[in-house]
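First comes the structure, then the notes that go with it.
The values are calculated or read from the model by the stated rules, or taken from the named source; none is laboratory data. Just so we're clear, the structure is a prediction, and the values are computed from it rather than from any experiment. Here Cβ is always computed from backbone atoms with ideal geometry, including for glycine, and neighbour counts include all displayed protein chains. Keep in mind that these areas ignore ligands, DNA and RNA; they rest on the heavy atoms of the full protein, side chains included. Shrake-Rupley method; radii C 1.70, N 1.55, O 1.52, S 1.80 Å.
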Amino acid sequence: MSHVSSSVRRIVATVLAAGAVVGAAALPAAAQDGHHQRPRVEISRVQADSPGRDDHSNRSLNNEWVEITNTTRDGINLRGWTLRDDDGNRYRFDNVRIAARATIRIHTGNGRDTRTDLFQDRREYVWGNRADTATLRDDRGRTVDTESWGRRHH
């Protein structure tokens, strides 16, 4: 009987060891796959189509916005980061610090920047109502996150 139990133990140990080797080999590939990792700072919401008539009023322009959320436990300085649309319109962040687990809203129109609301100070709409892509890049030009809607026709 002890011969059977030692054989079973050896088989189980071999299977467990093989599983550990396969798991360890798969881990680096999964860890490098950006699709499974949540960005530290992400585009969390977009309101591309300002409610009501698009009458180019500052109120209407400011009802078009993009929200960015810091998903980490640390504040992050966004100095030099950019937010762009498909047409190349670009908003460059100045000395803006986004607190830990906080969200800031970037409005298209004019206004006074606060901890939670930033303003691009534009007189024209930026985001396409039917289709567009918002791209957030860090101060080195690396894409941090994108949010697309509708069908783009280029």
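State the number of residues belonging to the stretch 104-122 that are in a loop (DSSP other than H, G, I, E, B) and in contact with a helix residue (DSSP H, G or I) (Cβ under 7 Å, 6 or more places away or on another chain).
The total comes to 5.
Condition first: in a helix (DSSP H, G or I), farther than 22 Å from Gly141 by Cβ and at pLDDT below 65. Can you find one or more residues in the stretch 57-65 that meet it?
no
Could you list, in sequence order, the residues of the stretch 98-110 that are closer than 18 Å to His56 by Cα and open to solvent by less than 40 Å² (accessible area, probe 1.4 Å)? Give the derivation first.
Residues of the stretch 98-110 closer than 18 Å to His56 by Cα: 106-110.
Hits for the stretch 98-110 are Ile106, His107, Thr108, Gly109.
Asn89 passes all but one of (1) within 24 Å of Trp149 (Cα to Cα); (2) buried (at least 18 other Cβ atoms within 10 Å of the Cβ); which number fails?
It is condition (2) that Asn89 fails.
For the stretch 54-71, what are the residues that are surrounded by fewer than 16 Cβ atoms within 10 Å (Cβ to Cβ) and over 15 Å from Thr108 (Cβ atoms)?
Thr71
For the stretch 69-103, what are the residues that are over 16 Å from Asp121 (Cα atoms) and not in a loop (DSSP other than H, G, I, E, B)?
If the condition is that a residue be over 16 Å from Asp121 (Cα atoms) and not in a loop (DSSP other than H, G, I, E, B), then Thr69, Asn70, Ile76, Asn77, Arg97, Ile98, Thr103 are the ones that fit.
Residue pairs, Cβ under 8 Å, 6 or more apart or interchain, first in the stretch 113-124 and within 17 Å of Thr103 (Cβ to Cβ) and open to solvent by less than 90 Å² (accessible area, probe 1.4 Å), second among the acidic types (Asp, Glu) and at pLDDT 95 or above. List them.
Going by the 8 Å Cβ cut-off, the qualifying pairs are Phe119/Asp113.
Can you tell me which residue is farthest from Asp145 (Cα to Cα) among those in the stretch 49-77 that are touching a residue at least 40 places away in the same chain (Cβ under 8 Å) and of a type in the set (A, V, I, L, M, F, W, C)?
Among those that are touching a residue at least 40 places away in the same chain (Cβ under 8 Å) and of a type in the set (A, V, I, L, M, F, W, C), it is Leu61.
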